[in-house]
1. How large, in percent, is the carbon and sulfur part of the accessible surface of the range 74-155 at a probe radius of 1.4 Å?
2. Leaving ligands, DNA and RNA out of it, rank L260, L89 by accessible area with a 1.4 Å probe, largest first.
3. Rounded to the nearest 10 degrees, what's the angle between the helix 106-118 long axis and the longest principal axis of the chain, both from Cα atoms, 0 to 90?
4. Given a cut-off of under 8 Å on Cα pairs at least six residues apart, what relative contact order in percent is computed for the range 216-316?
5. Tell me the net charge near G184. Cut-off is 13 Å between Cβ atoms, G184 excluded, with +1 for each Lys or Arg and -1 for each Asp or Glu.
6. Restricting attention to the alpha-carbon atoms of the range 123-163, what are Rg (one decimal) and Dmax (integer), both in Å?
7. Whose amide H sits under 5 Å from the amide H of T130, counting only residues 5 or more places off or on another chain, with H placed in the peptide plane?
8. What net charge is computed for the residues neighbouring G286, neighbours being all others with C-beta under 11 Å from the C-beta of G286, Lys and Arg scored +1, Asp and Glu -1?
Amino acid sequence: MTVVHVDLATKQYDVKIDNTLHLKIGEMIQEVWTSRKVAVLTDENVGPLYLADVVKQLSAAGFDVLPVQVPAGEGSKSLATVGDVVSQLAMYGFTRGDGLVALGGGVIGDLGGFIASTYMRGIAFIQIATSLTAQVDSSVGGKTAVNLEMTKNIIGTFYQPDLVLVDSTYLKTLTDRDLVEGYGEVVKTSALDSEAFFQLTGSITSIEDLRQHAPELSEKAIAYKAKVVMADEKESGQRQFLNFGHTLGHAIELLAHGQLRHGEAVAIGMIAITSRFERDGVSPKGMTDQIKQRLDAVGLPTSSEIIGTSAFFDQLKHDKKNHNGMLNLVGLTSIGQPKIIQKSLSEMPDFI
């Protein structure tokens, strides 16, 4: 088992990575929580596969378990869903001494974390990440959020879990598309981190390669993100580097109205931003092609007709990283060397 320890000023927790953890959920959670009521939040994709087993293991470990299942997809990251789940917790008699386990991908992690952080001003929270996106990115770092209408992640908190479990066994039931989506975040992290990690993603030439190397890729991505989060928990400095590809990607994702997954939109965003910075001399010649090769290898999209439309520029105004009309864009001066470049919203049409 690999353990990545996250040590923050107000919280310490472990991210455990091993392909046998799905058999030890009760045992793992018993190590960090005393007996209590536990809500297991999942969605209609993951629930039929894994919910009954998780409930069985937690019940055997002495927990009083409330299973909660919500519709799959980004639409569940809403205040309406928050209200529904909170009502169920209240009806079951949850108190501040109880806990919530998020069993699922990025949507469930974001939703579960937000509910845990706000129910009675905060109850204990654990993530069991079942998608590659969640395993390599969203389960680590303590960001929680829900969407409001056309604005992504506009309502949220920073709330760290007590434990994160990452088991590549869960990836076996993902469709190729759902698996590959998460690889957009892996490629992003490898470009931010180091030549060694970037060379590893360069060796992935098929979806089968990706499935085979998923544990190693997760371990490296989590180690990088944990390092960044420990240095900058609240995103005031270097944690902003993790937004590489995201400012443009979020706008594309929202305007695609469900036709693009998060990691697919981030892949498009990385290519869009890097090609412009390469043109302007911020990024070295050939970097866009290097990133594109890695995305092409597993079939991730790298372009979109949404980029440059009036709706696209309107969407940038609603980005959380819009500070008084200025966007903090992330570029790469070389692999492992990200840089924040500020652009005003009025400059963006010419830049794009």
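1. Of all accessible area on the range 74-155, carbon and sulfur atoms account for 57 percent.
2. L260, L89
3. In the chain, helix 106-118 runs at an angle near 60 degrees to the longest axis.
4. 24 percent.
5. -2
6. When restricted to the Cα atoms of the range 123-163, Rg and Dmax are 11.2, 32 Å.
7. Correct list: G104, G105.
8. 0
The values are calculated or read from the model by the stated rules, or taken from the named source; none is laboratory data. This is a predicted model, so every value here is computed, not measured. Don't worry about glycine lacking a Cβ; one is built from the backbone with ideal geometry, like all the others, and counts go over all protein chains shown. Ligands, DNA and RNA are excluded from the accessible area calculation, which covers all protein heavy atoms including side chains. Shrake-Rupley method; radii C 1.70, N 1.55, O 1.52, S 1.80 Å.
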